[in-house]
Amino acid sequence: ICSKCLNFSKDITKFEELKKFLSDFYKKEFHKVREYMGENPLARQAVELAHKHAPKVILATNPIFPMVAQLSRLSWVGLEKEDFDYITTYDNSRFCKPNPNYFLDLLEKFNLNKEEVIVYAKHKNALIEAIEAMCCEDKLYGYQNDLFKEYTKGARLEKVKTTNMGTLYELTYSVQMK
């Protein structure tokens, strides 16, 4: 794949070839990964339950794949595109997990209040990330810090980097000093 990626940016033909190559990969070869993934027998039940209690069902999986890959992954647990009102991909997302702006962006995109959201997550860390982002919008990761309040007119979280399996965070803010 690397040899095909290196010089495609100025040649639309090569770019189209790369897109086709990746699409074919995610439709065929990518399925080999399934054997290394754990089963999720509750996936179908969780989606059905969500449809009963929520006006929109959004698959907010980390958007590091194109749609074709997300659809392949869904097929592994017996789900499909039509089971969701929206699926995050790298084509339609501005942020990735664990950046709290990932979840806040979805709230804004669908004009949802955090109180209207039901979160289902297979992994505890993913659930914690979503809850922290949606429950503490104005207090994300220390924004309530007295130093920010005292010395700045405003601050915006720009970047979140995790280390140590997501237990430590490096935060980058844009601040406007008083």
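The values are calculated or read from the model by the stated rules, or taken from the named source; none is laboratory data. A quick note: this is a predicted structure, and the numbers were derived from the prediction, not measured. A quick note on method: Cβ atoms are made from the backbone with ideal geometry, for glycine too, and the neighbour counts reach across all protein chains shown. For accessibility, only protein heavy atoms count, side chains too; no ligands or nucleic acids. Shrake-Rupley method; radii C 1.70, N 1.55, O 1.52, S 1.80 Å.
What the table shows:
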{"item": "Breaking point among (1) at pLDDT 90 or above; (2) within 28 Å of residue 21 (Cα to Cα), for residue 62", "result": "(1)"}
{"item": "Qualifying residue in the range 88-109 (condition: out of contact with any strand residue (DSSP E or B) (no Cβ under 8 Å at 6 or more places or on another chain), modelled with pLDDT under 85 and among the small types (Gly, Ala, Ser))", "result": "no"}
{"item": "Breaking point among (1) open to solvent by less than 30 Å² (accessible area, probe 1.4 Å); (2) closer than 18 Å to residue 120 by Cβ; (3) of a type in the set (Ser, Thr, Tyr), for residue 86", "result": "(1)"}
{"item": "Cross-chain or 6+ apart pairs with Cβ under 6 Å, the range 55-79 first and farther than 22 Å from residue 108 by Cα, then basic (Lys, Arg)", "result": "71/81; 76/34; 78/44"}
{"item": "Residue in the range 25-34 that is under 30 Å from residue 158 (Cα atoms) and either in contact (Cβ under 8 Å) with a residue 60 or more places away in the chain or assigned to a loop (DSSP other than H, G, I, E, B) (or both) present", "result": "no"}
{"item": "Among (1) open to solvent by less than 30 Å² (accessible area, probe 1.4 Å); (2) under 14 Å from the mean Cα position of the chain (by Cα) - the single one residue 54 does not satisfy", "result": "(2)"}
{"item": "All positions within the range 17-34 that are in contact with a Lys or Arg (Cβ under 7 Å, 6 or more places away or on another chain) and aliphatic (A, V, I, L, M)", "result": "18"}
{"item": "Residues (open to solvent by 50 Å² or more (accessible area, probe 1.4 Å) and closer than 14 Å to residue 65 by Cα) located in the range 20-32", "result": "25, 27, 31"}
{"item": "Residue selected from the range 35-48 under the condition in contact (Cβ under 8 Å) with a residue 12 or more places away in the chain and assigned to a helix (DSSP H, G or I), by the criterion surrounded by the fewest Cβ atoms within 10 Å (Cβ to Cβ)", "result": "44"}
{"item": "Selection count, the range 57-107, where residues are of a type in the set (Ser, Thr, Tyr) and under 10 Å from the mean Cα position of the chain (by Cα)", "result": "6"}
{"item": "Filtered residue count, the range 55-64, keeping only those that are within 21 Å of residue 100 (Cβ to Cβ), in a loop (DSSP other than H, G, I, E, B) and among the hydrophobic types (A, V, I, L, M, F, W, C)", "result": "2"}
